[in-house]
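J.: Pasting a structure below so you can have a look.
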Amino acid sequence: MKKLRFSVIAVAMTMLMAGCGTMIPGGTGTGSGSATQTGSVLGDVLGSVINGGGIEAIASVIGATKMTQQSLIGSWKYSGPGCAFTSENLLAKAGGEVVAAQIKEKLLPTYQTLGLSASNTYVQFNKDNTFSASFGGKQFSGTYTYDEKSSKVVLKGMLLNINCYAKKNVNGIALLFEASKLLTVLQMVSAMSGNATLGTIGDLSKNYDGVRLGFDFK
């Protein structure tokens with residue numbers, strides 16, 4: 001991941017140097033106006049990369065991008081299956097971002113069979129540490145705690161008492177579970193503990209060390 005960050009910075013610096021000699025519309029030549037405009041744009045890009053918002057937000061590693069409790073607060077609607085690994089080493093061992101994307105694709109038919117959609121699967125985290133959620137139309141509510149250091153979310157309610165992990169995405173967040181915990185949630189949604197489609201969850205967890213599966217929200 002560090003190599004990727006350095007590569008982006010190198011490309012950006014190359015563009016910045018090239019931009020210093022570029023004429024802008026209405027300008028008089030290769031003066032400071034071009035460099036100022038180019039530097040301003042690339043400065044924003046570099047700032048995003050250095051602060052971990054541009055590259056690490058995309059990486060499928062829990063905790064790669066710092067996520068505060070404040071950034072967790074809000075209403076989030078389901079946008080698709082979620083997948084991340086617990087460390088960069090395990091992600092690399094599994095095969096990287098391509099494999100993470102493939103795992104999401106394998107989860108999608110299961111989620112579709114269970115009828116998960118943006119209209120019936122969502123979660124709202126409130127400032128007072130209460131939450132309300134719906135998974136496949138099954139309503140849950142209660143209290144939550146969030147540990148910024150570990151990215152761990154603990155959801156406590158009458159019908160749901162479970163741990164998961166929050167991850168910052170480019171366009172939202174992900175809530176990710178150990179395979180057994182995700183099965184618990186999906187079995188409540190399905191009301192059929194023997195549903196063959198849920199076998200996909202167990203298979204994926206066996207094939208990949210340190211994988212966490214769940215939901216992307218935006």
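The values are calculated or read from the model by the stated rules, or taken from the named source; none is laboratory data. Treat the numbers as computed from the prediction; the structure is a model and nothing was measured. Using ideal geometry, Cβ is built from the backbone for each residue, glycine included, and neighbour counts are taken over all protein chains shown. Areas reflect the complete protein model, heavy atoms only, side chains present, ligands, DNA and RNA absent. Shrake-Rupley method; radii C 1.70, N 1.55, O 1.52, S 1.80 Å.
J.: Does the range 143-159 contain at least one residue that is modelled with pLDDT of 95 or more and of a type in the set (Asp, Glu)?
T.: There is at least one residue in the range 143-159 that is modelled with pLDDT of 95 or more and of a type in the set (Asp, Glu).
J.: State the number of residues belonging to the range 88-115 that are surrounded by fewer than 17 Cβ atoms within 10 Å (Cβ to Cβ), among the small types (Gly, Ala, Ser) and in a helix (DSSP H, G or I).
T.: The qualifying residues number 2.
J.: So which residues in the range 132-149 are at negative phi and loosely packed, with under 15 Cβ neighbours inside 10 Å, if there are any at all?
T.: Scanning the range 132-149 gives Gln139, Thr143, Thr145, Asp147, Lys149.
J.: Given the conditions (1) open to solvent by 30 Å² or more (accessible area, probe 1.4 Å); (2) touching a residue at least 24 places away in the same chain (Cβ under 8 Å), which single one is not true for Asn129?
T.: Here Asn129 clears every test but (2).
J.: Kindly check whether there is at least one residue in the range 77-87 that is in a strand (DSSP E or B) and open to solvent by 30 Å² or more (accessible area, probe 1.4 Å).
T.: Yes, the range 77-87 contains at least one residue that is in a strand (DSSP E or B) and open to solvent by 30 Å² or more (accessible area, probe 1.4 Å).
J.: Val170 versus (1) within 20 Å of the chain's Cα centre (by Cα); (2) of a type in the set (Val, Ile, Thr); (3) at pLDDT 95 or above; (4) outside any helix (DSSP H, G or I): which is the lone unmet condition?
T.: Tallying (1) within 20 Å of the chain's Cα centre (by Cα); (2) of a type in the set (Val, Ile, Thr); (3) at pLDDT 95 or above; (4) outside any helix (DSSP H, G or I), Val170 fails exactly one: (3).
J.: Sticking with this one: What about Gln124, is it more than 30 Å from Asn89 (Cα to Cα), modelled with pLDDT under 95 and surrounded by fewer than 17 Cβ atoms within 10 Å (Cβ to Cβ)?
T.: Judged against the criteria, Gln124 is not a match.
J.: Continuing with this model, one more query. I need the full set of residues from the range 45-95 which are closer than 26 Å to Leu183 by Cα and modelled with pLDDT under 90, in order please.
T.: Ile58, Ala59
J.: Quick one: is Ala118 in a loop (DSSP other than H, G, I, E, B) and touching a Ser or Thr at 6+ places or on another chain (Cβ under 8 Å)?
T.: Answer is yes for this residue.
J.: To continue, here is another question. Examine the range 179-195 for a residue that is of a type in the set (A, V, I, L, M, F, W, C) and on the phi > 0 side of the Ramachandran plot, and state whether such a residue exists.
T.: yes
Conditions tested, residue by residue: (1) within 18 Å of Phe217 (Cα to Cα); (2) out of contact with any His (no Cβ under 8 Å at 6 or more places or on another chain); (3) in a strand (DSSP E or B); (4) among the hydrophobic types (A, V, I, L, M, F, W, C).
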| site | (1), (2), (3), (4) |
| --- | --- |
| Asp128 | no, yes, no, no |
| Ala133 | yes, yes, yes, yes |
| Gln139 | yes, yes, yes, no |
| Thr143 | no, yes, yes, no |
| Tyr146 | yes, yes, yes, no |
| Ser150 | no, yes, no, no |
| Leu155 | yes, yes, yes, yes |
